[in-house]
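Below: one structure, written as structure tokens.
Derivation of every value follows stated rules applied to the coordinates shown; laboratory data play no part. Worth saying up front: this structure is predicted, and the values here are computed from it rather than measured. Cβ sites come from the backbone with ideal geometry, for glycine too, and all protein chains shown count toward neighbours.
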Amino acid sequence: MPLRRPLSASVVVVTGASSGIGAATAVALAERGASVVLAARRLDALRRVAARCWACGGAALPVVTDVTDPAAVARLAEAATARFGRADAWVNNAGVGLYAPLADAAIDDVRRVIDVNLLGYLNGIQAALPLLDAAGGGVIVNVASVLGDVSVAYLGSYTISKHAVRGLSDTMRQELPDDSVSVCTVLPGSIDTPFYRNAANRVGRRPRPLPPVYPPERVAEAIVRVLCRPRRDVYVGQLSRASAAAWRLRPALAERVLGWYSRRASLTAEPAASTSGNLFTPGDHPAEVDGGFRNGRVRAVNAGLAAGATLGLAGVTFGLVAAVVTRAFRAGGSAPRGTS
């Protein structure tokens, strides 16, 4: 079920709203007249995003929140009700990353990724449902990733968490008693956000997004659309759709293609010191919407690898379709006469 009210009259809670996809989503909603409740760990960054929301016509309330703390998320829900009287939608978007081979990853680091990216979403859902029920229904959006369907090298803990978000969304749809609350999953490909420079890094080289890289505003628009017209799953980016399709059709081959691609394209040659990034503390990086990865130099460096991966995944899909058609044709040609 879509929003009970027009978007211009709706109240939407957005977690991870201090930068990247969350900030872009808050601004996109405010541009349409929605009231937004902004949650993240850095008050200064939230205030900057809130100022942009006010400037483009929407009301905004910044609320400092660590989504791994159920009490803090409950206070976020209370703040939304106290300021705006209700909430019509909740966008779970807060996330952290860890670049580390799983065989060597520190369990505390992995646990923190799962705490934020999965249990933070569950905390949000548990806080959101009473608000949405009181409002007569609404929409929950879980921002996952194409890595909820596929995997790549060096981002194993993030991949685990995003696979689990798919399961969380699917289970919630089964358990909700009626259709008054829609649960939607948005699965972006590589997005140009500060995620990569803020991620924990244990691999000794500077990470970068796997091209093609899309602007965060593209994900924000997908979230706005799904709030108005809920869908079970929404992919953002052509390679994300191709990767997910290839993985379902020929998982072993797609796994090899994406493994080859991610080992070559996800890290630069530039050395980087070991860091926990923003896993446990917000850090002091500038809070911005864009990550600066879509400039000409980055595109030129990675264009060949992106083309190779795209052609490889397309080949996986085409090869399987051709095999199925050929098998069906042979079976039809050898069928006994008089049968259908």
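Going by how many other Cβ atoms sit within 10 Å of their own, how do Glu175, Glu255 line up, fewest first?
Glu175, Glu255
Could you please report the charge total around Leu132, scoring K, R as +1 and D, E as -1 over all other residues with beta-carbon less than 11 angstrom from its beta-carbon?
Once all neighbours under 11 Å are counted, the net charge is 0.
Angle between the Cα long axis of helix 216-228 and the longest principal axis of the chain, 0 to 90 degrees, nearest 10?
The helix 216-228 is inclined about 80 degrees to the chain.
Run the simple label-point estimate for Glu270 and Glu175 please: 7 Å along Cα→C-beta, distance reported in nm.
Distance between the two pseudo-spin positions: 4.3 nm.
Around Arg202, what is the net charge, scoring Lys/Arg as +1 and Asp/Glu as -1 over all other residues with Cβ under 9 Å from its Cβ?
Net local charge, Arg202 excluded: -2.
With a cut-off of 14 Å, note down the residues of region 182-204 whose backbone N falls inside the zone around a label point 7 Å from the Cα of Met1 toward its beta carbon.
It comes to 182-183, nothing else.
Using 0.36 nm times the number of residues separating Arg263 and Arg225, minus their current alpha carbon distance, what extension gain do you get?
Gain in length upon complete extension: 10.3 nm.
Among the DSSP beta bridges whose two residues both lie in region 7-333, what percent are antiparallel, rounded to the nearest 5?
The answer is about 10 percent antiparallel.
Explain nothing, just the number: relative contact order of region 48-157, from Cα pairs under 8 Å at least 6 residues apart, as a whole percent.
34 percent
Run the Debye formula on the Cα coordinates of region 111-262, all scatterers equal and no solvent, and tell me log10 I(q)/I(0) at q = 0.10, 0.13, 0.22 1/Å.
Taking Cα atoms of region 111-262 as identical point scatterers yields -0.38, -0.63, -1.54.
As I understand it, the value is the acute angle between the Cα axis of helix 120-134 and the longest principal axis of the Cα atoms of the chain; what does it come to in degrees, rounded to 10?
60 degrees
Expressed as a rounded percentage, what relative contact order does the chain have, with Cα pairs under 8 Å and six or more residues apart?
19 percent
Relative to the compact-globule scaling 2.2 N^0.38 Å, provide the ratio for the alpha-carbon radius of gyration of region 57-118.
It is 1.48.
Need the full-extension length gain, Cys56 to Leu43, defined as separation in residues times 0.36 nm minus the C-alpha distance. One decimal, nm.
That works out to 2.7 nm of additional length.
Using the per-residue mean of other Cβ atoms lying within 10 Å as a proxy for protection, in what order, highest first, do the peptides 31-38, 134-141, 90-97 fall?
Descending packing order for the listed peptides: 90-97, 31-38, 134-141.
Count charges around Gln174 for me, please; just the other residues with Cβ under 14 Å from its Cβ, Lys/Arg as +1, Asp/Glu as -1.
Combined, the nearby Lys, Arg, Asp and Glu give -1.
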